[in-house]
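Below is one structure, written out as structure tokens, with a few remarks after it.
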Amino acid sequence: MSDFQIVVLWSDILVWLLLAAGIGLGLLISRSPPLLAAWRRVGASRPGMASATVLLAFVLVGLLDSLHYRPALESQPGEQTQYAIEVLSVLDALVGPLRTENEKTYSSPLATHLHAKETTEVPGVGTVREFPRLKFGGVHLDDPAQRGGDVAMTALRAVGLAALVWLALAALVAARCGGWAAVWRGRTRFAWNAVLATLGAMLLVLLPVFLLAGDYHVFGTDKVGQDVLYQILKSVRTALIIGLVTTLVMLPLAVVLGIVAGYFRGWVDDLIQYLYTVLNSIPGVLLIAAAVLMMQVVIDTHPEWFATAAERADLRLLALCFILGITSWTGLCRLLRGETLKLRELEYIQAAQAFGVSNWRIILRHILPNLMHIVIIALVMDFSGLVLAEAVLSYVGIGVDPTMTSFGTMINNARMELGREPVVWWSLAAAFSAMFILVLAANLFADAVRDAFDPRAA
Amino acid sequence: MLQVKDLRLGFASGERTLLAVDGISFAIARGETFALLGESGCGKSATAQGLMRLLPTAGRIVGGSVQLDGEELLARSEAEMRAYRGGRMAMIFQEPATSLNPVLTVGRQIGEVLERHRGLRGEAARARMLDLLRQVGIADPERRLDEYPFQLSGGMKQRVMIAIALAGEPELLIADEPTTALDVTVQAQILDLLAQLQAERGMGMLLITHDLGVVARMAHRIGVMYAGELVEVASREEFFTTPRHPYTQALFAALPDMTRRGMALTTIPGQVPSLAAMPAGCRFADRCPLVMPVCREQSPAWREAQPGHAVRCHWQGAQAAPAVVSSVADALPSGQAPLLDVADLKVHFPIRKGILQRTVGHVHAVDGVSLAISPGRTLALVGESGCGKTTVGKALLQLIRPTAGSVRLAGEELTGLSGRDLRAARRQLQMIFQDPFASLNPRLRIGEIIAEGMTALGVGGDAAAAVRALLQQVGLPDDAAERFPHEFSGGQRQRIAIARALAVQPALLVCDEPTSALDVSVQAQILNLLKTLQGELGVAYLFITHNFAVVEYLAHDVAVMYLGRIVERGSADEVLGNPRHPYTQALLSAVPVPRLDGAGERIRLPGETPSPAKPPSGCHFHPRCPQATEVCRERYPDGKTLSDTHVAVCHWVN
């Protein structure tokens, strides 16, 4: 009788499979000198490594959020253990109070009082309209007026801690890479100075945020009193899954169809070209909306398929990834077709043909490896586009399940809040900044990858 | 007029600056042509770009001085330099196809220079443009002025490029390999044009080239560059009669030639040192046959061997001892049953137009070619670009399916074979490609590349041992099998390509311009290798080339192609020594010869090769032929047999 039951969602399986595939790919790359050399160039690029550090932080959050379980409910001894209907993740357990400490409704960042006035009974005075104290935010303060000093003190402590942690990390790196001077002047083969600088900035921002999060709602709370910081942490996984799983769906389609069209030409090429031209000329949002709505009907009419709401939301997320993947392979396919058309005229392909090497073997040995740089570049570039696409779709109302937190649903909810007076800005601002940082990091990383794999620069 | 002193140019690489040009000094007088000669990668083009201050982003001018009529160019600001570029000094680039802007008319591109440097606009500018186009020999300039570059042929584009360069009335013209991308007959036209314009205008000209033939035709004085340094400066006469530097002498010795048939060519071992690892002493020391201990320690100083003939070498002698000439076993005599028999081969590519892709015509790339190659002999297929010679090679291997005709290899018909039968036949027939950088898959190890054919064609045996033996045969170290193509130089890559083709023990190798992308000294190594392999293995070669020197050296039989058809064929002696077809005669006389006496009677061909989509009526050659008459315009001539082997396809041969 354990006190929790492990829940494996389909998307969890995919996430961990992706991680395993990533590690496997890394091992393969380390055996192929040209690819290894290209990745070394990525490692030497300062913007690339800085953005990779940020991306890693996001990935870590996403991974922690991909280990799900159902906690056991309190039960009498001898009774069958019952598990909660709610599916939690390791991340939920780690951030603990952030998830449970819900206020009544809106409160601004670091507030001690609610955002709206309420009528309360004060003994001896009668009914008063006032801003009531929050249930959790800043309750340790006797006098709300001390808030400024308290926040400053906590932040200062956090900055001091950040400095200590950073110095320890930097000393470790310096010890391993031949001294301070080498690291700072960029003489290491890996761009350690960029990584350290980014880590420093991240520590300076994140440590105060998390130390303060114990006592306050750092980014405020939303309409139902949920902590916005918690919502953002939960949105990261959704964004990552949309970005990664969708590329996984579109990649085989794009690679196989693109190479086949470019290599065999003739009627195969015509067929595939017509296919993607037709697909491209249907407005994307319309196609996705139709598919999502149909899928929604299927899910709604079969409630017996899902044990928990989380499972239903999860399947809906995967279905969305699938639909996005089916509709977005055309760009990469066209790119690969063009490149294959060029490659197949190259002399080493003709030499292989002169040896009578079979077509599929030529594709596998000669064409695919020489297209890999385009695939890798497209993969990283598409990621940020898909994260943005999810936000747009959720905004239109055809994105992820309403019970699932994502940047798109957060922005969608914030739509009304901006119309209020006084305006509720923090939910939108926080979602916007988090998504901005994620997409910017992904784009910068994509740039570094593209530069490193660019055959003209190599 | 132009005075370059101790010019040093480098390329930034990380925190270091690698010197590509290390202290070169020369001067060019008005009306003089100074040729910079050297192999690729020795800093010729960087020098030209440095003079114009047009170095790429990573380029740095490290030191020295460049003076034009006493004015220091390196001290000028970028804004001031604009008045010099295109104005007092102009440049012509190697590739006419890419040096013109494809979306602007010819007139706009010339007008740009006229407006900037001569302040001409409107009617005055247009009159000047017409004048310029006439000067560079473009017919119908009124029409050409409003045309776009894609409407012009390669030779005409280069003429337009020259017109643009002349528009600013420069005192100094820098020509960076101006004819390397052009065909022999067009090259002759452009070189004549440059020489004539220079004489008329009294311009100084800096000619950058790797071709000794072009130097012999054009230059007054010559500077030989090696690894970023000038090693010898001499007048044309001195240079061709008594070259002093061992490098220069080796360059001459490495040239293939009729007189060297049956002998191994002298090669320069090794390759030009990389910028990052320049030797401390004389930079040529590692490759020099006459190296002395002092060469490795101390960089030699300039020494005046004759007035006006300076050389940088410790060695004081005049002429290197002739290298030991090893003769190479020559091929089997002809007269055996032919190994390859091609009859009336045709390859037509359909031209499709419209939505339904209907065929509206055909490009007659190969239009009835007949050839025969005996075992162990070399047939050279010669022609200018676009004449269909590469298509013939690929059609033989069935890489391109012939439209009609027959290809019989050792009695077996190849056309129409497929699957297993074709695979079996391909063991007999392999190909070596022109560009060693495109013919090896960059993602595969050398061992895998060489073994690919063996696995695909099911050649049994120990693949690893076979790869080692092949590497040894083509003169590469054993450990090459584990390395990747990018670790090898062009010449080494071509050796790998040869090893790959030999791996399946073919009886016939189709060599498609295997040396045209290589430097002279490396070309000599590859030609020696091919000749040795022929002696050892008895392979027959179909050698596709436009380089007559190589043909003279290597070929037993020669076939000359023009616009998809063979116009003359015969043994090498017959075709090269006694050419009968007017096209062959013109082609041979247009080849620049790297000798002082090379300036013999030349036959000038007007115009360029017409498109194979619309070949001229009658004899294809008649629009350019000096002897053409009415009958040539009406009827394609029959082949006239001149001896057992010699055939020319012309009405006027008898």
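The values are calculated or read from the model by the stated rules, or taken from the named source; none is laboratory data. On a predicted model such as this, the values are computed, not experimentally measured, just so you know. Backbone-built Cβ (ideal geometry, glycine too); neighbour counts: all protein chains shown.
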Can you tell me which of B:262, B:308, B:270 is more than 21 Å from residue B:238 (Cβ to Cβ) and either crowded, with 18+ Cβ neighbours inside 10 Å or touching a helix residue (DSSP H, G or I) at 6+ places or on another chain (Cβ under 8 Å) (or both)?
B:270
Expected single match for among the aromatic types (Phe, Trp, Tyr), within 24 Å of the chain's Cα centre (by Cα), within 14 Å of another protein chain (Cβ to nearest Cβ) and crowded, with 19+ Cβ neighbours inside 10 Å among B:437, B:433 is B:433
Would segment B:404-415 turn up any residue that is under 19 Å from residue A:365 (Cα atoms) and within 14 Å of chain A (Cβ to nearest Cβ)?
no
Which of the residues spanning segment A:389-447 are outside any helix (DSSP H, G or I) and either touching a residue at least 60 places away in the same chain (Cβ under 8 Å) or of a type in the set (Val, Ile, Thr) (or both)?
A:398, A:399, A:400, A:401, A:403, A:404, A:405, A:406, A:422, A:423, A:424
Output for segment B:17-70, where each listed residue is free of Cβ contacts under 8 Å to residues at least 60 places away in the same chain and assigned to a strand (DSSP E or B)
B:17, B:27, B:59, B:60, B:61, B:62, B:63
Hand me the list of strands (runs of 3 or more DSSP E) wholly inside segment B:466-565 holding 2 or more residues that are more than 14 Å from every other protein chain (Cβ to nearest Cβ), closer than 23 Å to residue B:376 by Cα and at pLDDT 90 or above.
B:540-545, B:557-562
Going through segment B:97-123 in order, the residues found to be under 31 Å from the mean Cα position of the chain (by Cα), of a type outside the set (Ser, Thr, Tyr) and not in a helix (DSSP H, G or I) are B:100, B:101, B:102, B:103, B:104
What tally of residues in segment A:36-71 results from selecting those that are within 13 Å of chain B (Cβ to nearest Cβ) and either among the hydroxyl-bearing types (Ser, Thr, Tyr) or crowded, with 20+ Cβ neighbours inside 10 Å (or both)?
1
So, of the residues in segment B:441-459 that are within 10 Å of chain A (Cβ to nearest Cβ), of a type in the set (Gly, Ala, Ser) and surrounded by 17 or more Cβ atoms within 10 Å (Cβ to Cβ), which turns out to be farthest from residue B:419 (Cα to Cα)?
B:453
Could you list all residues from segment B:203-237 that are touching a His at 6+ places or on another chain (Cβ under 9 Å), of a type in the set (Gly, Ala, Ser) and surrounded by 24 or more Cβ atoms within 10 Å (Cβ to Cβ)?
B:234
Spot the failing condition for residue B:603; the list is (1) at pLDDT 85 or above; (2) surrounded by fewer than 20 Cβ atoms within 10 Å (Cβ to Cβ), and only one is missed.
(1)
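Identify the residue in segment B:381-414 that is among the hydroxyl-bearing types (Ser, Thr, Tyr) and crowded, with 18+ Cβ neighbours inside 10 Å and, among all such residues, is nearest to residue B:497 (Cα to Cα).
Looking at the filtered set, the residue picked out is B:390.
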Subset of segment B:628-650 (residues that are over 20 Å from residue B:576 (Cα atoms) and surrounded by 13 or more Cβ atoms within 10 Å (Cβ to Cβ))
B:628, B:631, B:632, B:633, B:636, B:637
Which listed residue is within 17 Å of residue B:383 (Cβ to Cβ) and either in contact with an Asp or Glu (Cβ under 6 Å, 6 or more places away or on another chain) or buried (at least 23 other Cβ atoms within 10 Å of the Cβ) (or both), from B:510, B:539:
B:510
When you go through (1) at pLDDT below 85; (2) assigned to a loop (DSSP other than H, G, I, E, B); (3) not polar (S, T, N, Q) one by one for residue B:616, which number turns out not to apply?
(1)
Give the residue that is farthest from the chain's Cα centre (by Cα), with candidates limited to residues of segment A:145-193 that are among the small types (Gly, Ala, Ser) and in a loop (DSSP other than H, G, I, E, B).
A:178
Checking the conditions here, which among A:317, A:244, A:293, A:286 is touching a residue at least 24 places away in the same chain (Cβ under 8 Å), within 20 Å of residue A:393 (Cα to Cα) and loosely packed, with under 14 Cβ neighbours inside 10 Å?
A:293
All positions within segment A:99-155 that are farther than 26 Å from residue A:230 by Cα and hydroxyl-bearing (Ser, Thr, Tyr):
A:119, A:120, A:127
Hey, can you tell me all the residues within segment B:578-593 that are modelled with pLDDT of 85 or more and in a loop (DSSP other than H, G, I, E, B)?
B:578, B:579, B:580, B:581
